[in-house]
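**Student:** Right, I'll just put the structure down here and ask away after.
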């Protein structure tokens, strides 16, 4: 049986089947937005990158102790393409997976997953509570304060940026731009 290419609608339905928490769904939408932005910037497949971003934390709410492993099982059971499965599993590299990000899509997902959390937190402490006026320098300033968004693993972002051959500032700028495109969906307009 040939793998079918999942649509965004199918991915979103699957996400909502396994995730009920608004913050996790908004995180998925933020990562999707950044992945789409980054794919366009690289002249790559925006739909594929977006779907991978949308589905990357599929198992996190129900199976946090089996993160990435359970998503792999679910996606295989739904006949998802190997390329999508590998990309999703690789975002947990060094944490809950030994699959190292190798493709550009995998490296971007790995690099921006944690970073979206830092951008969200930076937006939420602003008077506007909006990502629309978040600047790269604001995120860089918050980056230095290890108590700010303490759950964000900055070393993963640094590793991801290095894998991509990008400066942290450029990665932050691109992440903000991708999130601004979906600001309304993620409640940060």
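**Student:** Collect the residues in the range 20-41 that are in contact with a helix residue (DSSP H, G or I) (Cβ under 6 Å, 6 or more places away or on another chain) and touching a residue at least 12 places away in the same chain (Cβ under 8 Å), keeping them in residue-number order.
**Tutor:** 28, 30, 31, 32, 33, 34, 35, 36, 37, 38, 39
**Student:** Within the range 1-20, restricting attention to residues that are within 14 Å of residue 81 (Cβ to Cβ) and not in a helix (DSSP H, G or I), which residue is modelled with the lowest pLDDT?
**Tutor:** The extreme case among them is 1.
**Student:** So in the range 27-70, with the set limited to residues that are under 21 Å from residue 165 (Cβ atoms) and assigned to a loop (DSSP other than H, G, I, E, B), which one is farthest from the chain's Cα centre (by Cα)?
**Tutor:** By that ranking, first place goes to 43.
**Student:** Of the conditions (1) surrounded by fewer than 24 Cβ atoms within 10 Å (Cβ to Cβ); (2) assigned to a helix (DSSP H, G or I), residue 107 fails just one. Which one is it?
**Tutor:** (1)
**Student:** With 116, 71, 121 as the choices, which residue is buried (at least 18 other Cβ atoms within 10 Å of the Cβ), at pLDDT 95 or above and farther than 20 Å from residue 6 by Cβ?
**Tutor:** The match here is 116.
The values are calculated or read from the model by the stated rules, or taken from the named source; none is laboratory data. Given the structure is predicted, the values throughout are model-derived calculations rather than measurements. Cβ sites come from the backbone with ideal geometry, for glycine too, and all protein chains shown count toward neighbours.
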